[in-house]
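Down below is the structure, laid out as structure tokens.
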Amino acid sequence: MMIALLLSSWAVVTATSAVATDAGSSGPVVIVEETVTTPAPGTTTTTTRTSTSIPSVEPPVTAVDPVCTAATTLLDQNRPTAALALIDAERTARGDDGAQLCADERRAALMADTTGPQGPTGDADRAWESVVGQWIAPLLGGLLIALGWTALVFIVAVRALTALPWAQSRRSGRGSQAALAAGATGSIVFALGMLAGLLSQRGRGLRLEESGAAGEAITQAPSAFWLAPAALLAVAAVLTALHLLGRLRVSLQATDKEGDADRSQQRTTQLIALLGRVGGSPPAGVEIPRGSDVTSLGDSMLLPAPANALAKAVLGVLAALIGSTPWKVVLDYLDDDTAAVVVSRNGRTVQTAVLSTSAGAGAEPLYGADETEQKRSMLCPLAAGVVIVALSRAHPGFEGLAGATDGRSVGLQYVATTTFADDHRTAELLLGRALKIDPGNRAADVALQNLLHRGATDAAELRAYRDSLAATADRLREDGHTLLAQRVMITYFAVLVNLHAAASDTLRPHDLAQRHAQMSELLAQTERLDRLTEQDPLLLATRQRYAVLTTAVETEYEGVGEEPLPGPGDTAGLYSRLDPHGAYNSALVALQTGDDALAEFLVRPALTLLELRRWIRRDPDVVRNRGRAAVARMVGSRSPVGLWDLELFAPHRAACRRAGFMTPLALAAVAADEKTAADLNITMTGLRRLTEAAGVAARLWSVDAPAVADETTLAEWRVDVAEIVLDGHSADGSTLLGVVEALGRRVRPALPEGDRDAFGPIATAWLIELDLVT
């Protein structure tokens, strides 16, 4: 019973586990069967139950690279150096496919590496190694390719742009240069960002299809995706080339070798200093522009060319390849009086000039033959003027040239208003030369007019100068030359005071209130344009001078009536001349209209040129009017000072004046010895010619000249007689009859018709008494 009971209580449980994979399942299925037998009195019952369980789906497990497992083991063993070595060796062996192998393990190894020094230094080293391993090493190859591509495109762009006329002639403003720099920088940033994104995916199994979709199993982006950064880098290279080729960066070199003496370095330094002074210093001169009003070179870079031949060659190659210094200036001293300057931009010559301290053969020299250093030093500002004008054609900001387009003229103006600021006569000659070379140099015109007329005391001359200043100021304001117009207006108010003092019946100008308003506007414009108003000495000095002159004008003209409005026939147009020849023609027009005072005023700038001082004695328009007192003063043949204009005396004027000979007549009493010849720096033969000619001229002033008309004497033609006798351009001066005939061609047109027949006998008797010719 007991046994039967135990057997009936026994239960058999069978559990079968199977892994079945259905067509639609992704995990194993577990089936469990359970059978239970229950004994009962008189019967036995058996029950079987079956249950099925489907476990939750587990994600697939990615296989771990054995190298990474080994590296993790080494890290667990506190051996980060060995882990790094293992990973790096495996990456090298696998090439591009292993660029990102075990990135997490390598980063952990770098951070755990303790082989370097302890403290901040070691931390910095380890951080740098981490950056190198994570970013630099994987991207280095691609970045080098990008840099090589960019450099190639840049060099090609530089050479191509320098060959294009458009690139040479374009004007490079600050705005355009900034835009080029910003465009190049933006292109580089975008290109590098795209490159970093592309290169960072190398070896990560990312696939970029042409459509932009992501996939797997490709370890390198297709070539089409590299075109965008390559194009951006090419654009950046071209923009950078344009920016560099348009910079205001100048290399300067001067060569001055005289025998064994080499002053090239000294001259180069002098040229740089003068170029900075002419084009980079604040404007100066309240009434006369002292130097130039150009300030644009203050922001540029002036570099001396290297003296070493190897360095010069290397820099020349670099300049050709990358355009590091677009502008190059070479100044070569040919002799004491002459130099040649060449200005090139990006390898192309844009300006050349031959500079000279002399006004030409037979002209009065500025320096003596022994003043070598002074002559050579003068050539530097002339070269600086050429450079300034060349730069003005390619860069904005050179409005201070005030219309000047010839660098030689700018240089002469600088020398006249600085070096010879206290030598008015020499300054006048230089400014006359400047205006002859470039009639558009308005700064030189303003300076010359000031030197000629500012110190006048004659009311007629002052009145003409006042009207000239008013017309000049109007033109300068219309053309936007604010500083020059400001100077002219200051002189205008000063001349107003002097004019009323010289002639108390002078009326108040009808437009005086308008002139004050114009001056206030000019000062306001200057203040707006000036970046350093409080530190600008010219603006401060002009304001102070104007305040004083305003009070002086109001005091001088207090209670004085206004002059009438000008009529349509006024001569304001005559003041529009800018060069000596224009002034000469304007004077002739005034002479024809009977305005002798205006003619005298206008002719003064013309007489700064030796050629016009000689021509005025033979000009038919002047010859027929030489009986008029004003014309006689214009010609100046009564004074022995006019003898300096003769070809025989003109080249020696400066040396003679330095030796104390104010007129050539003083040379008549000089002994023709070697000491005098050395003092005058001429040969003994030349000295004898001078003294003999001076003796002939002295006889002209030793004998009273006879009258040939009621109010006309031959004293007005003394210089003419000396010119005919001494210059020897024709056979007229070699015989008595020839001299009389040549002189008659100049004298007879000025005489009344009734006195012309008497000229011949009177002149013949006078010349016989002088014993000048046979």
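The values are calculated or read from the model by the stated rules, or taken from the named source; none is laboratory data. For clarity, every value in this text was computed on a predicted model and none was experimentally measured. All Cβ positions, even for glycine, are placed from backbone atoms using ideal geometry, and neighbour counts span all protein chains on display.
Annotations for the structure displayed:
- Residue match in the stretch 686-700 (condition: in a loop (DSSP other than H, G, I, E, B) and touching a Ser or Thr at 6+ places or on another chain (Cβ under 9 Å)): no
- Out of GLU527, GLU521, sole residue that is free of Cβ contacts under 8 Å to residues at least 40 places away in the same chain, under 18 Å from PRO282 (Cα atoms) and either under 26 Å from the mean Cα position of the chain (by Cα) or part of a helix (DSSP H, G or I) (or both): GLU527
- When residues of the stretch 265-290 are limited to those that are of a type in the set (S, T, N, Q) and in contact (Cβ under 8 Å) with a residue 12 or more places away in the chain, the one nearest to ASP445 (Cα to Cα): SER281
- The stretch 645-659 residues that are among the acidic types (Asp, Glu), paired with ones that are at pLDDT below 85 and in a helix (DSSP H, G or I) (beta carbon under 8 Å, 6 or more apart): GLU647/ASP727
- Residues in the stretch 273-309 that are aliphatic (A, V, I, L, M) and at pLDDT 90 or above were compared, and the one that is nearest to LEU379 (Cα to Cα) is ILE288.
- Filter result for THR457 (touching a residue at least 12 places away in the same chain (Cβ under 8 Å) and either surrounded by fewer than 18 Cβ atoms within 10 Å (Cβ to Cβ) or charged (D, E, K, R) (or both)): yes
- Scanning the stretch 406-419 for residues that are in a loop (DSSP other than H, G, I, E, B) and under 16 Å from VAL446 (Cα atoms) gives a single hit, THR418.
Every residue, every condition in (1) acidic (Asp, Glu); (2) in the same structural domain as ILE724 (by TED's automatic domain parsing); (3) at pLDDT 90 or above; (4) farther than 26 Å from ARG626 by Cα, yes or no:
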| position | (1), (2), (3), (4) |
| --- | --- |
| ALA654 | no, yes, no, yes |
| GLY660 | no, yes, no, yes |
| THR663 | no, yes, yes, no |
| ASP679 | yes, yes, no, yes |
| THR691 | no, yes, yes, yes |
| ALA694 | no, yes, yes, no |
| ALA709 | no, yes, no, no |
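- Boolean, ALA705 is touching a residue at least 24 places away in the same chain (Cβ under 8 Å), part of a loop (DSSP other than H, G, I, E, B) and closer than 19 Å to LEU772 by Cα: yes
- Filtering the stretch 502-525 to residues that are closer than 13 Å to GLN486 by Cβ and in contact with a Pro (Cβ under 9 Å, 6 or more places away or on another chain) leaves only ARG515.
- Residue within the stretch 374-385 that is under 18 Å from GLY440 (Cα atoms), touching a helix residue (DSSP H, G or I) at 6+ places or on another chain (Cβ under 9 Å), of a type outside the set (D, E, K, R) and outside any loop (DSSP other than H, G, I, E, B) present: yes
- Residue pairs whose Cβ atoms lie under 8 Å apart, separated by 6 or more positions or on different chains, with the first residue in the stretch 746-774 and within 16 Å of TRP701 (Cα to Cα) and the second among the basic types (Lys, Arg) and assigned to a helix (DSSP H, G or I), are LEU770/ARG699; ASP771/ARG699; LEU772/ARG699.
- Among residues of the stretch 645-671, those that are in a loop (DSSP other than H, G, I, E, B) and surrounded by 16 or more Cβ atoms within 10 Å (Cβ to Cβ), counted: 8
- Per this entry, VAL329 is counted among residues that are surrounded by 24 or more Cβ atoms within 10 Å (Cβ to Cβ), in contact (Cβ under 8 Å) with a residue 24 or more places away in the chain and not in a helix (DSSP H, G or I).
- Some residue of the stretch 508-515 being farther than 23 Å from LEU602 by Cβ, surrounded by 19 or more Cβ atoms within 10 Å (Cβ to Cβ) and among the charged types (D, E, K, R): yes
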